[in-house]
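The next block holds one structure in the form of structure tokens; read it before the comments.
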Amino acid sequence: MRILNTFAILFATLCFAFVSCSKNEPDTPDNPDQNNKKYVLLTAEGIADGAGYYAVYNELPTSDVKNTAGYSLQASSYGGFRTYKNWIFNRSNLLGESGVLKFSVGKDGRLKEDGFIKCDGSAQSVVVNETLGFYFDPGRGKKRIQKFNPSTMQRTGEIDLSSVVDEKISPNVYTGNQTLAVKEGKLFVNITYSPEGSSGHNDNIRHYALAVIDIASEKIEKTIVLDFLDVYNQGHSPSEYKAWLLGEDGHLYFLSTGWDLVDGAYNFHPSCIFRIKKGETDFDKNWHVYPKDLNSTLSIGVMWSMGFYKGKLYVEASDENITNFGDFGKVDGYHVYSLDIENKAVAKIESVPTTVFGHSAGTFYRTSDKLFVRVVNETIGYNGLYVINEDGRTASPAFNVIQGG
């Protein structure tokens, strides 16, 4: 394995998870061996997406970490990952091909590719249970979402959403390339209207709509439109970071960054967090959060990542207003805040150093009943994770990656 120059790869991207080894073949997340848990750390060679390393650890890493050691696996392209029980999912394989890739940890303790569904683009996906998941493959139709079996990693069908698309808004429509979220037996799917010839990513027509599908019957029940807030996009479609979070309170939280692309130029507006409440299937008109709610000086601030811990929402927000595309990814420019869900009381977590924009890995990882925060700060020489302490108001260093990411 190629050992990289530490100085060239310091201050990079991390993604972190807690999984189990598989005891039987085929791999299954049913009844995982609680004594055979593994920590998986993914690091990259740059602040944004890039080549990097997956490595498996028997114990939670501490102190300084070389992520090229141990059971490491080198990837030519990555953008973070998602998990379902003891499976890890990525939107591209180790060669960088787009698709839905599943990793598992084998009986030998090594991370291994365990199935791949090749796609023509975004490969946004969500897992409902061991035998059902959904993904987006523009090659099979921009107005359709695909079904798959996560256990076998085989495509099993599709759902056509063309009946709920309004081509009077735009004939260039994407469904499922940005948002595929699951709550209480319902699937929420973005309907993104984009100018003709555009990609359906940031270049949208500012019409935030979701289709609501009953998963059991596959019936499209309705569409909902967020028409009471200034919200401009549905998340970062090429990103592994998902712009939604199912909270421990049962509410489904969404985050819009606030930027969009019009006629080749980026426009910046305040980011916004909003939700669909537990037991409901429409947007909550009485609850939302703008950057100014975290920091009164932020009229056009950027929020990107969300985490949930001990009944509070944790958010990463820029420390300054963002008015052009070159500013949003500036180094060491984001703070971490906690937010009380009910009264919106805000506290800056002062013991977490400022960090960089979350990119495809995001900033928060809920692992082993703890909330970890990615901290990449060149000024203090830190490139690793902090952990939120039990009090929910302070944090402590967890480990620092000094090689491999």
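Counting only residues that are among the small types (G, A, S) and in contact with a Ser or Thr (Cβ under 8 Å, 6 or more places away or on another chain), which one in the stretch 200-235 is farthest from I300 (Cα to Cα)? Steps first, answer last, please.
Here is the first cut: in the stretch 200-235, the ones among the small types (G, A, S) are 200, 209, 211, 216-217, 235.
Among the residues that remain, those that are also in contact with a Ser or Thr (Cβ under 8 Å, 6 or more places away or on another chain) are: 200, 209, 211, 235.
Details: G200: 23, A209: 23, A211: 29, G235: 17 Å.
Filtering the stretch 200-235 for residues that are among the small types (G, A, S) and in contact with a Ser or Thr (Cβ under 8 Å, 6 or more places away or on another chain), the one farthest from I300 (Cα to Cα) comes out as A211.
Hey, any hits in the stretch 130-146 for a residue that's over 30 Å from D166 (Cβ atoms) and under 19 Å from the mean Cα position of the chain (by Cα)?
The initial filter retains those residues of the stretch 130-146 that are over 30 Å from D166 (Cβ atoms), namely 130-131.
Among the residues that remain, those that are also under 19 Å from the mean Cα position of the chain (by Cα) are: none.
Checking the stretch 130-146: not a single residue is over 30 Å from D166 (Cβ atoms) and under 19 Å from the mean Cα position of the chain (by Cα).
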Discussion item. Only one of K102, K118, K168, K107 is free of Cβ contacts under 8 Å to residues at least 24 places away in the same chain and over 19 Å from I224 (Cβ atoms). Can you tell me which?
Written reply: K118
Practice prompt. For the stretch 102-113, state whether one or more residues are surrounded by 15 or more Cβ atoms within 10 Å (Cβ to Cβ), part of a helix (DSSP H, G or I) and not charged (D, E, K, R).
Written response: no
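Just name the residue that is surrounded by the fewest Cβ atoms within 10 Å (Cβ to Cβ) out of those in the stretch 314-343 that are over 27 Å from N267 (Cβ atoms) and modelled with pLDDT under 95.
Keep residues of the stretch 314-343 that are over 27 Å from N267 (Cβ atoms), which gives 314, 338, 340-343.
Filter again for modelled with pLDDT under 95, leaving 342-343.
Working: E342: 9, N343: 7.
My answer is N343.
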Worksheet entry | Positions within the stretch 62-94 being assigned to a loop (DSSP other than H, G, I, E, B), out of contact with any strand residue (DSSP E or B) (no Cβ under 6 Å at 6 or more places or on another chain) and at pLDDT 80 or above, in sequence order | K85
Worksheet item: Which fully enclosed strands (runs of 3 or more DSSP E) of the stretch 171-263 have 2 or more residues being at pLDDT 90 or above and of a type outside the set (F, W, Y)?
Response: 172-183, 186-194, 209-214, 219-225, 244-246, 252-256
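So which residues in the stretch 264-315 are in a strand (DSSP E or B) and among the small types (G, A, S), if there are any at all? Don't jump to the end; show me each part of the working.
Narrowing the stretch 264-315 to residues in a strand (DSSP E or B): 265-268, 272-276, 283-289, 303-309, 312-315.
Of everything in the stretch 264-315, those that are in a strand (DSSP E or B) and among the small types (G, A, S) turn out to be A265, S305, G307.
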Worksheet item: Going through the stretch 347-365 one residue at a time, which ones are buried (at least 18 other Cβ atoms within 10 Å of the Cβ) and among the hydrophobic types (A, V, I, L, M, F, W, C)?
Response: I349, V352, V356, F357, A361, F364
Item to complete: Scan (1) outside any loop (DSSP other than H, G, I, E, B); (2) on the phi < 0 side of the Ramachandran plot; (3) surrounded by 21 or more Cβ atoms within 10 Å (Cβ to Cβ) for the single condition S163 breaks and write down its number.
Response: (3)
Discussion item. All but one of (1) buried (at least 19 other Cβ atoms within 10 Å of the Cβ); (2) among the polar types (S, T, N, Q); (3) more than 14 Å from M306 (Cβ to Cβ) hold for S368; state the number of the condition that does not hold.
Written reply: (1)
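When you scan the stretch 373-382, how many residues do you find that are of a type outside the set (V, I, T) and crowded, with 24+ Cβ neighbours inside 10 Å?
Initially, the stretch 373-382 is screened for residues of a type outside the set (V, I, T), giving 374, 377-378, 381-382.
Okay, now just the ones that are also crowded, with 24+ Cβ neighbours inside 10 Å, so 374.
Qualifying residue count for the region: 1.
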Fill in: Candidates G133, G141 - the one that is surrounded by fewer than 20 Cβ atoms within 10 Å (Cβ to Cβ) and either on the phi > 0 side of the Ramachandran plot or in contact with a strand residue (DSSP E or B) (Cβ under 7 Å, 6 or more places away or on another chain) (or both)
G141
Worksheet item: Has the stretch 31-42 got any residue that is of a type outside the set (D, E, K, R), at pLDDT 75 or above and surrounded by fewer than 20 Cβ atoms within 10 Å (Cβ to Cβ)?
Response: yes
Worksheet item: If you check S318, S305, S256, which single one turns out to be under 18 Å from R206 (Cα atoms) and within 21 Å of the chain's Cα centre (by Cα)?
Response: S256
Item to complete: Run down V126, V225 and say which single residue is of a type in the set (A, V, I, L, M), surrounded by fewer than 14 Cβ atoms within 10 Å (Cβ to Cβ) and within 20 Å of T281 (Cα to Cα).
Response: V225
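Identify all residues within the stretch 95-120 that are aliphatic (A, V, I, L, M) and either touching a Leu at 6+ places or on another chain (Cβ under 6 Å) or modelled with pLDDT of 90 or more (or both); write none if there are none. Working first, answer last.
Let us first name the residues in the stretch 95-120 that are aliphatic (A, V, I, L, M), namely 95, 100-101, 105, 111, 117.
Across the stretch 95-120, the qualifying residues are V100, L101, V105, L111, I117.
The values are calculated or read from the model by the stated rules, or taken from the named source; none is laboratory data. Everything quoted here is computed from the prediction, not taken from an experiment. All Cβ positions, glycine included, derive from the backbone under ideal geometry; neighbour counts span all protein chains shown.
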